[in-house]
1. Can you find a residue in the stretch 356-364 that is farther than 25 Å from residue 226 by Cβ and among the β-branched types (Val, Ile, Thr)?
2. For the list (1) within 16 Å of residue 230 (Cβ to Cβ); (2) at pLDDT 95 or above, I need the number of the one condition that residue 322 fails.
3. State whether the residues of the stretch 234-255 include one that is of a type in the set (A, V, I, L, M, F, W, C), more than 20 Å from residue 319 (Cβ to Cβ) and at pLDDT below 95.
4. Could you pull out the residue among 348, 385 that is hydrophobic (A, V, I, L, M, F, W, C), within 22 Å of residue 29 (Cβ to Cβ) and touching a residue at least 60 places away in the same chain (Cβ under 8 Å)?
5. Only residues in the stretch 17-33 that are closer than 21 Å to residue 253 by Cα count as the first member; pair them with residues that are of a type in the set (S, T, N, Q), Cβ under 7 angstrom, at least 6 apart or cross-chain, and list the lot.
6. Out of the residues in the stretch 333-345 that are in a helix (DSSP H, G or I) and either aromatic (Phe, Trp, Tyr) or crowded, with 17+ Cβ neighbours inside 10 Å (or both), state the one that is nearest to the chain's Cα centre (by Cα).
7. Residue by residue through the stretch 238-251, note down the ones that are touching a residue at least 60 places away in the same chain (Cβ under 8 Å) and surrounded by 19 or more Cβ atoms within 10 Å (Cβ to Cβ).
8. Being in contact with a Phe, Trp or Tyr (Cβ under 8 Å, 6 or more places away or on another chain) and over 21 Å from residue 329 (Cα atoms) narrows it down to one of 265, 245, so name that one.
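The values are calculated or read from the model by the stated rules, or taken from the named source; none is laboratory data. Since the model is a prediction, treat every value here as computed from it, not as a measurement. Here the Cβ is made from the backbone with ideal geometry for all residues, glycine too, and neighbour counts use every protein chain on show.
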Amino acid sequence: MEARVAIDARVEYGRAGGVQQGVVAIASALAAIDRPDPEALTFVTLDGLDDWLRPHLPPGATVRTVESSGARRVARHMRASRPGRLALSAAVELRNWSARPRSSSGIFESTNSDVALFATQRAELSTIPFVYVPHDLQHRHLPELFRASERHRREVEYRAYCEAAAMIVVFTEWAADDVAGAYGIDPERIVVIPPWAPRADRPVVVSKVSVDHPYALFPAQAWPHKNHASLLEAVSLLRHDGLDVPLVCPGATGDAAAAVRRHAVALGIGDLVALPGYVDDLSMEALWRGARCLVFPSLFEGWGYPVLEAMDAGVPVACSAGRYLDAVAGDAALRFDPIDPCAIADALRTLWLNDAAAEVHVARGRAHVATFSWRAMGERYGVVLDRAMASGRRKAAV
């Protein structure tokens, strides 16, 4: 890779789900390849909010911190109370309806980079060539899960960034077809790079979460498309059949977590469901080691990092049968219809009670996860970034 690259990593820890994991994966992948200039990478982060990324940075990489905007600081304060959250929601609604693509802030140009890489779904119309990673177009497939204003914002911004980008990176062939069809993008500008973000390879020394009995694990923010409701109904069905399957759901926080808790109590399974909130890497490692299985009933994903992480940890996986998980699950997972609680219950019952079936899925998972590597990911990003740089040079020469 020859291009000097500025990577947008302005993400608040614990608030972005798989987007944060994606930034870590890119950093780790670029660290795994040989680069003529080790200092050619600059990560643009939020001042005081980048501790989560620094351990993963490639040797020699530069960090350019920018102050968290006044609006972001106010938002963090407002999220601490229910009235504040309601006021914040109204402000976001107004902002979404007035959405337009962000103009260049000058931050990425000031790094003297050849290319900018926007990997968080948000971007800006930089005057240097940029690579855009839209993750997914969930708002088009599950519009009922979004406010009209949020659908409007995503359409305006995603379309503009895809049209302006020198190159676009998506995680699956299905997503490539989706983006090309939605926005009329030349498929030659879209490259599929499956991300790889293995769990932390470290011993469990200290953990903030301790569970002393077998459990099914579902790490996910409590966003509607993660489909906690159907999973809880499946656990309730199993209890009615005489089988208790404890469920640990890290990641769920705030009002959404409270709603999950209320639903569990209403179904009579409150004692089976643990919601430890967002956990650190050490705690997550402990949870992987103690899990009987991963159950992943998501209604839509751009990728689905926990599926691959479970396989890496030797944990059998049961997940949704939607095409959006085909690439990450391969032939290693037990698949089910995510809108059918009975189907979810059947899959859980199989992995919970049938050790032989679970071992088959563990073995398949290990074989599947072995087909991914940081180096392969990094090399593909290197090609894409060099192509973006070359496209900028061609335009400058015209």
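1. The answer is yes, given that some residue of the stretch 356-364 is farther than 25 Å from residue 226 by Cβ and among the β-branched types (Val, Ile, Thr).
2. Of the numbered conditions (1) within 16 Å of residue 230 (Cβ to Cβ); (2) at pLDDT 95 or above, the odd one out for residue 322 is (2).
3. no
4. Matching residue, one of 348, 385: 385.
5. So the pair list comes out as 17/221; 19/120; 19/121.
6. Top of the filtered list is 344.
7. Within the stretch 238-251, 238, 245, 251 qualify.
8. Answer to the selection: 245.
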